[in-house]
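The values are calculated or read from the model by the stated rules, or taken from the named source; none is laboratory data. This structure is a prediction, so every number in the text was calculated from the model and none was measured. Glycine also receives a Cβ, built like all others from the backbone with ideal geometry; neighbour counts cover every protein chain displayed. We work out accessible area using only protein heavy atoms, side chains counted, and drop any ligands, DNA or RNA first. Shrake-Rupley method; radii C 1.70, N 1.55, O 1.52, S 1.80 Å.
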Amino acid sequence: MTFAIASWPQPAVPIHGSADTFPVRHIYCVGRNYAEHAKEMGGDASKEPPFFFTKAADAILPVVPPAVGRMKYPQATADLHHEIELVVAIGRAGASLDAARALDYVYGYATGLDMTRRDLQNAMREKKRPWDLGKSFAQAAPIAPIHRAADVGHLARGAIRLAVNGTLRQQGDLADMIWDVPHTLAFLSKYYELLPGDLVFTGTPAGVAAVVPGDRLEGSIAGLSPLAVEIAA
Ligand code: MN
């Protein structure tokens, strides 16, 4: 059997210390998972269950240090924002997970950016429409190589930072997450069976702001490969 139109490459993320890559199936994202970011977005999320949105798998932009990724400034926005996030890579299938066992399903972790067309997201939010236009678009998910949990353990604390043109814009600690990784996966897996190849972006600390062509973003999470991206015109 052949495809009726030309097929395309399987989206995949390099794995640190391996020649293998991690094929991407679904991309899930958590909204407002750090209290200070929830406040800057106009709410107090500290007592609410986590909520989720998705990006298309082909929105990933893999970047292997020391290379600097090139993200083309997307169409239809004048307010492209950075959100530095810990990304969880899922290695086993499971639904309705217990938080106490959820980390058994984690393959590894990576530094990622949930790039956001904020003007479109806000317009959709005001009209109670889906966020897709603001969140899922070409190159909306730059990501550094995945580090296997077998190598680095499970990340519950550690600095998460983003600098733009050398100036620190976002700074937090993974321990500041409102819902930690096990509880995030427990909630998410009530709605979807998590499958090998899924990625979960776990939310961003405060300090999100706009970038413009020519800006260089440098993100880091303690213990993981850093992520550098330049915005191209
Ligand atoms: Mn985000």
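Please go through the stretch 147-166 and pick out each residue that is part of a strand (DSSP E or B) and open to solvent by 80 Å² or more (accessible area, probe 1.4 Å).
Arg161, the sole residue that qualifies.
For residues in the stretch 72-99 being away from the ligand (no atom under 16 Å from the Cβ) and in a strand (DSSP E or B), which is surrounded by the fewest Cβ atoms within 10 Å (Cβ to Cβ)? Checking each candidate, the answer is Lys72. Among the residues of this structure, Ala102 counts as one that is open to solvent by less than 20 Å² (accessible area, probe 1.4 Å), more than 16 Å from the ligand (Cβ to nearest atom) and either acidic (Asp, Glu) or not in a loop (DSSP other than H, G, I, E, B) (or both).
Across the stretch 112-171, which residue is farthest from the ligand (Cβ to nearest atom) among those that are of a type in the set (S, T, N, Q) and touching a residue at least 60 places away in the same chain (Cβ under 8 Å)? So that I can check it myself, show each step before the final result.
Going residue by residue through the stretch 112-171, those that are of a type in the set (S, T, N, Q) are 116, 121-122, 136, 139, 165, 167, 170-171.
Imposing the further condition that a residue be touching a residue at least 60 places away in the same chain (Cβ under 8 Å) reduces the set to 116, 136, 139, 170.
On the way: Thr116: 7, Ser136: 12, Gln139: 15, Gln170: 11 Å.
In this case the residue turns out to be Gln139.
Every condition in (1) at pLDDT 95 or above; (2) within 20 Å of Met115 (Cβ to Cβ); (3) not hydroxyl-bearing (Ser, Thr, Tyr) is met by Ala233 except one, and the failing one is (1). Looking only at the stretch 176-186, residues that are within 17 Å of the chain's Cα centre (by Cα) and either open to solvent by less than 50 Å² (accessible area, probe 1.4 Å) or aliphatic (A, V, I, L, M) (or both) come to 6 in all. Residue check, Phe201 against (1) open to solvent by less than 10 Å² (accessible area, probe 1.4 Å); (2) more than 26 Å from Ala102 (Cα to Cα), all met but one. Which one? (2) is the only condition that Phe201 fails.
To keep it simple, each residue is scored yes or no on (1) closer than 11 Å to Ile178 by Cα; (2) more than 12 Å from the ligand (Cβ to nearest atom); (3) in contact (Cβ under 8 Å) with a residue 60 or more places away in the chain.
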| position | (1), (2), (3) |
| --- | --- |
| Ala4 | no, yes, no |
| Ser7 | no, yes, no |
| Val13 | no, yes, yes |
| Gly17 | no, yes, yes |
| Thr21 | no, yes, no |
| Arg25 | no, yes, yes |
| Asn33 | yes, no, yes |
| His37 | yes, no, yes |
| Pro50 | yes, no, yes |
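For the stretch 172-183, a residue qualifies if it is touching a residue at least 40 places away in the same chain (Cβ under 8 Å) and assigned to a strand (DSSP E or B), and the qualifying residues are Gly172, Met177.
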